[in-house]
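Notes to accompany the following structure.
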Amino acid sequence: MPPKKPAQRSDELFRSQLDNMVDMEHALVKLAGLIDWSRFDAAYGRFYHEKGRPGLSTRLMAGLHLLKHMEGLSDEAVCARWVENPYHQFFCGEQYFRHKLPLDRSSMTRWRNRIGADKLELLLAETLRVAMETRAMPPQACERVTVDTTVQTKAIAHPTDSHLLLRGIEWLNRIARKHGIKLRQSFLRVGRQARRDVSRLIHGRGHKQAMRWVRKLRTWLGRLDRDIGRKIAGNEELEAAFAVVRERVAKILTQKAGSTDKLYALHAPEVECIAKGKARTRYEFGVKTSIAVTNARTAGGQFIVGMQALPGNPYDGHTLSGQIEQVERLTGVTVERAYVDRGYKGHKHGGQARVYIAHTRGITSPTIKRELRRRNAIEPIIGHTKSDGLLERNHLAGATGDAINAILVAAGHNLRLLVAWLTALLRALIAAWLSPVLPEMGAA
């Protein structure tokens, strides 16, 4: 059922109004007044059923996700901080201070999965609209953008054969114990000991011995899988319960060093191995992500005007057209120039935007040369999304979680810039107001 407006309570006379508790000149309070929350109600209203329990407030859910990615918190942490922070409650539309959270933490997961990544782009579009309205970013800045790709790493352990094989043994034992299947042998004790021996020997002189332990782990996992297969044969309910794990275990048992389609995590089969040519990190495990920022540093900073996950590890040049289309869709401004690195050679972009590749010879325009040098400024923006945001370690499940996290990380980055911009603007107004007063006080 769609969310209902909060009803008047009989004890409101004795409750603390947030208007009296917070500083109405605070940047977060000003930002809450600038965001068009009714825009989210109109866009997300169709995702609620007409019957059933009334849903949670759209402003509450959207506000929690914006606060989460603005401060780089987990779902649990942002919910805990919401109860303690009156500014967070005011930002999410509360009128009175609440001592208890009006939702369960898992409601955030269900809400963003129900809305989907495509519709959550509206949160990013709204941050860009507020930036233009407050003059932190002029609309003309969106005409010239810088585009690059990075890796959104997944929250998984570094994949090794011994680690994956032991996890397969543990996962099969856990499900077998849950369904009351008595195994011939669990292989848990010997498997964990073998995993420790592999870690101890693999990087020293005992490499051959470590590989023998890896082969034993693979043998034990295969025996366990076949034992379970014999005992659940003919039982459709048990076969369905073991279908996913047995399918992934079979993939682990058959994959080799030269396999192209590998499984790097049992709980996250969508993870890909991506090599970006970094000296410090040869391989990263996650999903490739495209990011577009304004080429010029505007008054409020460099805003992210587009961001999307790219499953399948596509070639950078093939993703350029889709990224430019997203920028134009979110900002409503036609992109005239796009600046990229040499990884985009052969992009074949057929749109109106002219694409300029770094280190291209023969460019005579001093403006384009200057803007090409500005292309490198996208690198610290990517660093901020990973250090201050949640792009470095994505905990959301599945390919859908990758797409949702990318959009919300961009919205959180823009909110950080807007809060800093509104704070600086307030300081400038106070300084301008006090400037004629201070000389008079000194003369007196």
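The values are calculated or read from the model by the stated rules, or taken from the named source; none is laboratory data. The structure displayed is predicted, hence computed values, not measured ones. Because the Cβ atoms are built from the backbone with ideal geometry, glycine has one as well, and the counts that use them run over all protein chains shown. Side chains included, ligands, DNA and RNA excluded: accessible areas come from the protein's heavy atoms. Shrake-Rupley method; radii C 1.70, N 1.55, O 1.52, S 1.80 Å.
For the structure I just gave you, tell me whether residue 373 is in a helix (DSSP H, G or I), modelled with pLDDT under 90 and within 24 Å of residue 341 (Cα to Cα). It is true that residue 373 is in a helix (DSSP H, G or I), modelled with pLDDT under 90 and within 24 Å of residue 341 (Cα to Cα).
Note on segment 180-221: residues that are among the β-branched types (Val, Ile, Thr), more than 14 Å from residue 169 (Cβ to Cβ) and over 37 Å from the mean Cα position of the chain (by Cα) amount to 1. Taking the criterion of being buried (at least 22 other Cβ atoms within 10 Å of the Cβ) and outside any strand (DSSP E or B), the only residue of segment 283-299 that qualifies is 295.
The sole residue among 107, 38 that is at pLDDT 85 or above, more than 22 Å from residue 129 (Cα to Cα) and either within 24 Å of the chain's Cα centre (by Cα) or loosely packed, with under 13 Cβ neighbours inside 10 Å (or both) is 107. Taken over segment 200-214, the criterion of being surrounded by fewer than 16 Cβ atoms within 10 Å (Cβ to Cβ) and either of a type in the set (A, V, I, L, M, F, W, C) or within 24 Å of residue 269 (Cα to Cα) (or both) is satisfied by 211 alone. When residue 262 is tested against the conditions (1) farther than 30 Å from residue 381 by Cα; (2) touching a Pro at 6+ places or on another chain (Cβ under 9 Å); (3) buried (at least 18 other Cβ atoms within 10 Å of the Cβ), the lone failure is (3). Filter segment 41-69 down to residues that are touching a helix residue (DSSP H, G or I) at 6+ places or on another chain (Cβ under 6 Å), open to solvent by 10 Å² or more (accessible area, probe 1.4 Å) and more than 26 Å from residue 19 (Cα to Cα), then give me how many there are. So the answer is 2.
Annotation note: Cβ proximity below 9 Å between a residue of segment 257-286 that is among the basic types (Lys, Arg) and a residue that is modelled with pLDDT of 90 or more and open to solvent by 40 Å² or more (accessible area, probe 1.4 Å) (sequence gap 6+ or interchain) occurs for 262/251.
Checked against the criteria, residue 385 counts as at pLDDT 90 or above, polar (S, T, N, Q), open to solvent by less than 50 Å² (accessible area, probe 1.4 Å) and not in a strand (DSSP E or B).
In a residue-by-residue description of segment 311-323, the property of being of a type outside the set (S, T, N, Q) and buried (at least 20 other Cβ atoms within 10 Å of the Cβ) applies to at least one position. Pairing residues of segment 113-134 that are open to solvent by 10 Å² or more (accessible area, probe 1.4 Å) with residues that are part of a loop (DSSP other than H, G, I, E, B), at Cβ distances under 8 Å and at least 6 apart in sequence or on separate chains, gives 129/36; 132/138; 134/300. Being open to solvent by 50 Å² or more (accessible area, probe 1.4 Å) and either touching a helix residue (DSSP H, G or I) at 6+ places or on another chain (Cβ under 8 Å) or assigned to a strand (DSSP E or B) (or both) holds for only one residue in 329, 280, and it is 329. Restricted to segment 139-158, and to residues there that are farther than 12 Å from residue 305 by Cβ and touching a helix residue (DSSP H, G or I) at 6+ places or on another chain (Cβ under 7 Å), the residue that is surrounded by the fewest Cβ atoms within 10 Å (Cβ to Cβ) is 157. Total residues in segment 243-252 satisfying the condition of being open to solvent by less than 70 Å² (accessible area, probe 1.4 Å), out of contact with any helix residue (DSSP H, G or I) (no Cβ under 6 Å at 6 or more places or on another chain) and hydrophobic (A, V, I, L, M, F, W, C): the figure is 2.
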